[in-house]
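Asks: Handing you a structure now.
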Amino acid sequence: MSTVRLLALGAVRRRGLAHGYQVRADLESWGAHEWSSATSGSVYHALKAMTREGLLVVHETSPSEAGGPPRMEYELTGEGEQAYFTLLRSALTNRDPKLDLLAAAVGLIDDLPRAEAIDLLRQRARIMDEWRASITAHLPPDTDLGTWGPVGEVIGLWQHTANSRAEWTHRLLKRLQDGDFRMADD
């Protein structure tokens, strides 16, 4: 699953019609160039690849003022819309997506109806809670990981990661339940 694909599809969807520069500028305004692999080249490559795959349709518009080829505007196809929401839903419920993919999905979560976003985050919360419990389920009661040397530190790292991801998911879920954010059906 590609973060750049999710971001580019989301940017095009939000604009309706967008040329590559607008998509890139939107992603930069979201700070995506700082927390994801969305570089200028990767955005243009993703737009062209998704056009070949039928996720986007391209429209030639006015000629370039600099004398280059005409500007190309992209628009989501029905298949592109479906792919976008599949990527978004998967990133929100996956136990261990890459952090930039999860960040992209959270940044675009308001494209979903509130009830669906809450349901997806409930699924994620359940998965996080199960993951957190599974890390220490095999350990004897009252285990002191400090006596396990480096292996204890590895288990501690996984516990910390699971705890922080579970807590973050529960906090975001509560915000949505409390009515925070303007969602697609608000």
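The values are calculated or read from the model by the stated rules, or taken from the named source; none is laboratory data. All of these numbers come straight from a predicted model, not from anything done at the bench. Because the Cβ atoms are built from the backbone with ideal geometry, glycine has one as well, and the counts that use them run over all protein chains shown.
Asks: Would you mind stating whether residue 51 is surrounded by fewer than 13 Cβ atoms within 10 Å (Cβ to Cβ), in contact with a strand residue (DSSP E or B) (Cβ under 6 Å, 6 or more places away or on another chain), more than 28 Å from residue 181 (Cβ to Cβ) and in contact (Cβ under 8 Å) with a residue 12 or more places away in the chain?
Replies: So residue 51 does not fit the description; no.
Asks: Same structure, new question: Would region 89-98 turn up any residue that is under 30 Å from residue 178 (Cβ atoms) and hydrophobic (A, V, I, L, M, F, W, C)?
Replies: Yes, the conditions are met somewhere in region 89-98.
Asks: Tell me the helices (runs of 4 or more DSSP H) entirely within region 65-179 that contain at least 3 residues that are assigned by TED's automatic domain parsing to the domain that holds residue 10 and of a type in the set (Gly, Ala, Ser). Write out each step before concluding.
Replies: Working: elements: 78-93, 99-107, 114-136, 150-177.
Per the criteria, 78-93.
Asks: Here's something else I'd like to know. Which one is surrounded by the most Cβ atoms within 10 Å (Cβ to Cβ), of the residues in region 147-186 that are basic (Lys, Arg) and touching a helix residue (DSSP H, G or I) at 6+ places or on another chain (Cβ under 9 Å)?
Replies: Result: 165.
Asks: Moving on to the next point. Quick one: is residue 46 in contact with a Ser or Thr (Cβ under 8 Å, 6 or more places away or on another chain), hydrophobic (A, V, I, L, M, F, W, C), free of Cβ contacts under 8 Å to residues at least 60 places away in the same chain and buried (at least 19 other Cβ atoms within 10 Å of the Cβ)?
Replies: Here the answer is yes, as residue 46 does meet what is asked.
Asks: When you go through 158, 148 one by one, which is the residue that is without any contact (Cβ under 8 Å) to a residue 12 or more places away in the chain and of a type in the set (Phe, Trp, Tyr)?
Replies: On inspection, the qualifying residue turns out to be 148.
Asks: Considering only residues that are surrounded by fewer than 16 Cβ atoms within 10 Å (Cβ to Cβ) and among the acidic types (Asp, Glu), which ones fall in region 84-109?
Replies: 96
Asks: Filter region 109-145 for residues that are free of Cβ contacts under 8 Å to residues at least 40 places away in the same chain and β-branched (Val, Ile, Thr) and give the result.
Replies: 127, 135, 136, 143
Asks: Which numbered condition trips up residue 25, out of (1) assigned to a loop (DSSP other than H, G, I, E, B); (2) surrounded by fewer than 17 Cβ atoms within 10 Å (Cβ to Cβ)?
Replies: Residue 25 satisfies every listed condition except (1).
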